[in-house]
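The values are calculated or read from the model by the stated rules, or taken from the named source; none is laboratory data. Since the model is a prediction, treat every value here as computed from it, not as a measurement. For neighbour counting, all protein chains shown are included, and Cβ atoms are generated from backbone atoms with ideal geometry for every residue, glycine included. These accessible areas exclude ligands, DNA and RNA; they are computed on the full protein's heavy atoms, side chains included. Shrake-Rupley method; radii C 1.70, N 1.55, O 1.52, S 1.80 Å.
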Amino acid sequence: VDVLPMLGGLSRMCMLGAITGRAVVQRMGSWVASALLAAQKGAKILRVHDVAVTKDALAVWAALEQRGRE
């Protein structure tokens, strides 16, 4: 059975504002955290607003995960 890749896309949704109490322009930390969690849970596609920031966060996470396995 073919399984389609999972998509994660919380980015700056109002849910993140409800959780953090922060305005849209102050939610970078929360949407980066949500992207990392989605990737950790198996998302293969991430919908984000700031690709460079998310890419850097994923690179750091992956490197630390790899080091933890050594």
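Could you report the chain's accessible area per residue, 1.4 Å probe, as an integer in Å²?
76
Do you know the relative contact order of the chain, to the nearest whole percent, from alpha carbon pairs under 8 angstrom that are 6+ apart?
Result for the chain is 36 percent.
Take residue 13 and residue 26, extend 7 Å from each Cα along the Cα→Cβ direction, and tell me the distance between the two endpoints in nm.
Here the modelled spin labels are 2.2 nm apart.
So for the chain, considering every pair of alpha-carbon atoms, how many percent are separated by more than 14 Å?
61
Note the angle between two axes, namely the Cα long axis of helix 51-69 and the longest principal axis of the Cα atoms of the chain, as a number of degrees from 0 to 90, rounded to the nearest 10.
40
Give the carbon-plus-sulfur fraction of the accessible surface of the chain in %, rounded to a whole number; probe 1.4 Å, heavy atoms of protein chains only.
Percent of accessible area from carbon and sulfur atoms in the chain: 61.
Hey, rough spin-label estimate for residue 62 and residue 33, points 7 angstrom out along Cα→Cβ, what's it come to in nanometres?
2.4
In what sequence, highest mean first, do 51-63, 32-44 appear when ranked by Cβ atoms within 10 angstrom?
32-44, 51-63
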